[in-house]
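Data block below; observations after.
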Amino acid sequence: MIQVTASVIVLSADLSDSVSWDSILDRKPLIQHCIDNAKKIPVLDQIYVLTDNETLLRQKGISGVQIKKIPEWLTNHNIDLISKDVWQVNYGLERLQELSVLGEVHFFLNWRMPLAGPITLEKMYHNLLEDRLAARVTGIYPVDPNLFMFQNCNESLFPVWADPGADRQRVPQLYRQIPLGVIHTRRHKGICPESKGYVVTSTEGLVIHDAESLDMAEFYLEAILSDQ
Amino acid sequence: MAETFATIIARGGGPGLYKKNLYPLLGKPVLQHAIENCLQAGFINKVFVWSEDHEVLEAAEKAGACPLERPKHMVHYFNGFATPDQWGENISKQIMAHTSVPDDYRVSYNCNNLLVRPETLSKMYEKLVKDPGAFNILPVKKIRPGLCMINPMTSYLFPFWNAPYLSENTHPDLYRLTGVSISRMSFKLPEWNGKKKTLYHVIGRDEGLDFQTEDDILFAEYYLTRRTRKNRRKLNESDSRGSR
C-alpha cells in the first residue's frame, strides 16, 4: 500500500501586496482553490500546507489539511521540486522527509495555480506510475516556435529555434514547464532520475504572480463555469 | 505625406482551428480585429485583404478593407506551385490595379497577431521613418527562459534555454518574431543598392499572441475585454470631467 501525499509551500518572502495566498478568486482565497482541487484527487491520502506565515498558521477555516510550520532555518533555503538540478530536488525531498510530509508518491502543488484541475493532477499520477523509469511528472504547455536571440555584433536576430523553410506545424515543439507535478520519491533518489512532461492547457498552466494574472484567472474561471 | 498600404493575407480553411480568420472573438471575426487595428493606426491609407475564400473576402469588405483574389495555388507555402516572391508579385499587381499611386510604406499584418495595437503600429512606423537607412521594422516579444523539449530518444524532458544557476534577470534574452512588419517600399526598387537594415520593436505579453488553436481563444478574449474596459473607463473619466 503506497502513501500518496501532497504539499503546498507558502513562504512569507514570496507574498506581495498584489498577490497572496488569501487573495480572492471567485469568492475564495487562492490557496482554497488549490486545496479543493487536491481533495478531489481520489488517490491522495494527505495534504500538507507548509508555511512560515503566522496568519496562515492560525487559519482554522482550511479543513482536510494539516498546516505545518516550516522551521526558520529552512525558509532561507529553497525547496524547489521543479528544478533541473537533481541535487536541488533531492535536497528538497530530504527536507520534506524531515518534516514527515513525504509519501512514496508526492504531489507538489502550487497555491498560485488555482486552475490546475483534479483530473489533470490525477492523470499526472497515472502517467508517472505507468512509466517504468520516470521519477517525476510535471505539467508542460506548448510555446510558439520562431525564437531568436539578439546578436550584439550586428544588432540583428539570430535563430535559436526557428526554421524559415518549415511550416510552424513542422517545427519540433517546445514547452514551458509549470511549477506543479508529482514525484516518485524512491526513483528520484536513484541514478539519473528522468522527468516526464504532461501537456496541460495554457488555462490550467496559468501561474498567478501579479494583479493582471489574478484578473486573467477570474476571467478564465468565469468562462469555464459558464461553459459548464 | 507618405502613402502607406496594409496587406493582410488571410486564408479560409487550414489545418488547425477551422476558418480561424473568421472565428468570432467578442462578437467580431478575427479578420475584422486585424483590419480595424490597421485602420485605427492613423498612418495607413488603405487595407487590402488577399484571400482565396469568398466568405473571408466578404468579411474584409464589410470591415472596410479592399478584397483581392488569391489564386488557390498560392495558398500553401510549400506546395511547389508558387514561391512567396510570386505571391508578393501577385499582391502588388492587384494593388496597382486598384490605386494610381504606389505606396511608400507597406504594412504586412498577420491576422494571428490581432492583439498588436494600432498605437504599436504607429510607434513602429515613426521609428522606421526616422531611420532612413532601415529597410523594415518587426515587433518582437520577449520570452521567459525555462523551456524544454521532449527528448525524441528517451521521451523525457530535455531542458532548453534553461540555465538553473541564472535568475530570470541575468538569463540571456530570447525573443519571438511576430507576423507583422512595416517595410520601406523604395528598398525593393531594382536600382537601390543600399544594405538592408532591420529595426526591432519590443512588445509586451498582451500583444504577442499568435492565435492558432482553441487554447488561445480565452487568452485573446481576456486582453480584448481588458482593452474595452480601459477604453470605457477613459470615456467615463472624460465624460465626468466634461460634466464638471
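Considering only residues that are under 16 Å from A:Ala6 (Cβ atoms) and of a type in the set (Val, Ile, Thr), which ones fall in region A:17-52? A:Ile31, A:Ile35, A:Ile41, A:Val43, A:Ile47, A:Val49, A:Thr51, listed by residue number.
The condition (being in contact (Cβ under 8 Å) with a residue 24 or more places away in the chain, touching a His at 6+ places or on another chain (Cβ under 9 Å) and either open to solvent by less than 30 Å² (accessible area, probe 1.4 Å) or assigned to a strand (DSSP E or B) (or both)) is satisfied by just one residue among A:Leu121, A:Leu93: A:Leu93. Scanning region B:131-160 for residues that are at the interface with chain A (Cβ under 7 Å from one of its Cβ atoms) and closer than 30 Å to B:Ser108 by Cα turns up B:Ile143, B:Leu147. Just so you know, in region A:202-228 the residues that are among the polar types (S, T, N, Q) and surrounded by fewer than 20 Cβ atoms within 10 Å (Cβ to Cβ) include one that is nearest to the chain's Cα centre (by Cα), and it is A:Ser202. If the condition is being within 16 Å of B:Gly208 (Cα to Cα) and either in contact with a Cys (Cβ under 8 Å, 6 or more places away or on another chain) or part of a strand (DSSP E or B) (or both), then region B:119-164 contributes B:Leu121, B:Ile137, B:Leu138, B:Pro139, B:Val140, B:Lys141, B:Lys142, B:Ile143.
Does any residue of region A:129-139 turn out to be free of Cβ contacts under 8 Å to residues at least 24 places away in the same chain, assigned to a helix (DSSP H, G or I) and charged (D, E, K, R)? Before you say what the answer is, go through the steps one by one.
Here is the first cut: in region A:129-139, the ones free of Cβ contacts under 8 Å to residues at least 24 places away in the same chain are A:130, A:132.
Those left that are additionally assigned to a helix (DSSP H, G or I): A:130.
Now restrict to residues that are charged (D, E, K, R): A:130.
Within region A:129-139, one or more residues are free of Cβ contacts under 8 Å to residues at least 24 places away in the same chain, assigned to a helix (DSSP H, G or I) and charged (D, E, K, R).
Take the residues in region B:50-98 that are outside any helix (DSSP H, G or I) and of a type in the set (Phe, Trp, Tyr), then tell me which one is surrounded by the most Cβ atoms within 10 Å (Cβ to Cβ). That would be B:Trp50.
Residues in region B:1-32 that are open to solvent by 20 Å² or more (accessible area, probe 1.4 Å) and either of a type in the set (Lys, Arg) or touching a strand residue (DSSP E or B) at 6+ places or on another chain (Cβ under 8 Å) (or both): B:Ala2, B:Glu3, B:Ile9, B:Arg11, B:Lys19, B:Lys20, B:Leu22, B:Tyr23, B:Lys28. Comparison of B:Arg205, B:Arg117, B:Arg144 shows that the only residue that is over 20 Å from A:Phe148 (Cβ atoms), open to solvent by 20 Å² or more (accessible area, probe 1.4 Å) and not acidic (Asp, Glu) is B:Arg117. Inspect region B:66-87 for any residue being more than 23 Å from the chain's Cα centre (by Cα) and either within 14 Å of another protein chain (Cβ to nearest Cβ) or touching a residue at least 12 places away in the same chain (Cβ under 8 Å) (or both) and give the result as yes or no. Scanning region B:66-87 turns up at least one residue that is more than 23 Å from the chain's Cα centre (by Cα) and either within 14 Å of another protein chain (Cβ to nearest Cβ) or touching a residue at least 12 places away in the same chain (Cβ under 8 Å) (or both).
Hey, among the residues in region A:196-228 that are β-branched (Val, Ile, Thr) and part of a loop (DSSP other than H, G, I, E, B), which one's farthest from the other protein chains (Cβ to nearest Cβ)? Give the derivation first.
Taking region A:196-228 first, the residues β-branched (Val, Ile, Thr) are A:199-201, A:203, A:207-208, A:224.
Checking the rest, the ones that are also part of a loop (DSSP other than H, G, I, E, B) come to A:200-201, A:203, A:207-208.
Working: A:Val200: 10, A:Thr201: 5, A:Thr203: 6, A:Val207: 11, A:Ile208: 13 Å.
Per the stated criteria, the residue is A:Ile208.
Restricting region A:12-33 to residues that are within 22 Å of A:Glu72 (Cα to Cα) and open to solvent by 30 Å² or more (accessible area, probe 1.4 Å) leaves a set whose member that is modelled with the highest pLDDT is A:Asp22. If you take the residues in region A:172-195 that are within 11 Å of another protein chain (Cβ to nearest Cβ) and in a loop (DSSP other than H, G, I, E, B), which one is surrounded by the most Cβ atoms within 10 Å (Cβ to Cβ)? Among those that are within 11 Å of another protein chain (Cβ to nearest Cβ) and in a loop (DSSP other than H, G, I, E, B), it is A:Pro193.
Evaluation of A:Lys68 against the conditions (1) touching a residue at least 24 places away in the same chain (Cβ under 8 Å); (2) part of a helix (DSSP H, G or I); (3) of a type in the set (Lys, Arg) shows that the sole unmet condition is (2). Each residue in region A:82-102 was checked for being among the hydrophobic types (A, V, I, L, M, F, W, C) and within 13 Å of chain B (Cβ to nearest Cβ), and 4 pass. For region A:1-12, what are the residues that are more than 18 Å from the chain's Cα centre (by Cα) and aliphatic (A, V, I, L, M)? Matches in region A:1-12: A:Met1, A:Ile2. Taken across region A:127-136, residues that are away from every other protein chain (no Cβ under 12 Å), more than 16 Å from the chain's Cα centre (by Cα) and at pLDDT 90 or above do occur, with at least one present. Only a single criterion out of (1) within 30 Å of A:Leu102 (Cβ to Cβ); (2) open to solvent by 40 Å² or more (accessible area, probe 1.4 Å); (3) within 8 Å of chain B (Cβ to nearest Cβ) is not satisfied by A:Phe150, namely (1).
Taking every residue in region B:170-182 that is within 7 Å of chain A (Cβ to nearest Cβ) and pairing it with any residue that is among the small types (Gly, Ala, Ser), at least 6 positions away or on another chain, the pairs with Cβ-Cβ distances below 7 Å are B:Arg176/B:Gly208. Against the conditions (1) of a type outside the set (Val, Ile, Thr); (2) facing another protein chain (nearest Cβ under 10 Å); (3) assigned to a loop (DSSP other than H, G, I, E, B), B:Ser167 satisfies every one except (2). Output the residue which, of all residues in region A:153-171 that are farther than 22 Å from A:Ile140 by Cα and of a type in the set (D, E, K, R), is nearest to the other protein chains (Cβ to nearest Cβ). Per the stated criteria, the residue is A:Asp167.
The values are calculated or read from the model by the stated rules, or taken from the named source; none is laboratory data. Since the model is a prediction, treat every value here as computed from it, not as a measurement. Every residue, glycine among them, receives a Cβ derived from its backbone with ideal geometry; neighbour counts consider all protein chains shown. Remember, those area values only see protein heavy atoms, side chains included, never the ligands or the DNA or RNA. Shrake-Rupley method; radii C 1.70, N 1.55, O 1.52, S 1.80 Å.
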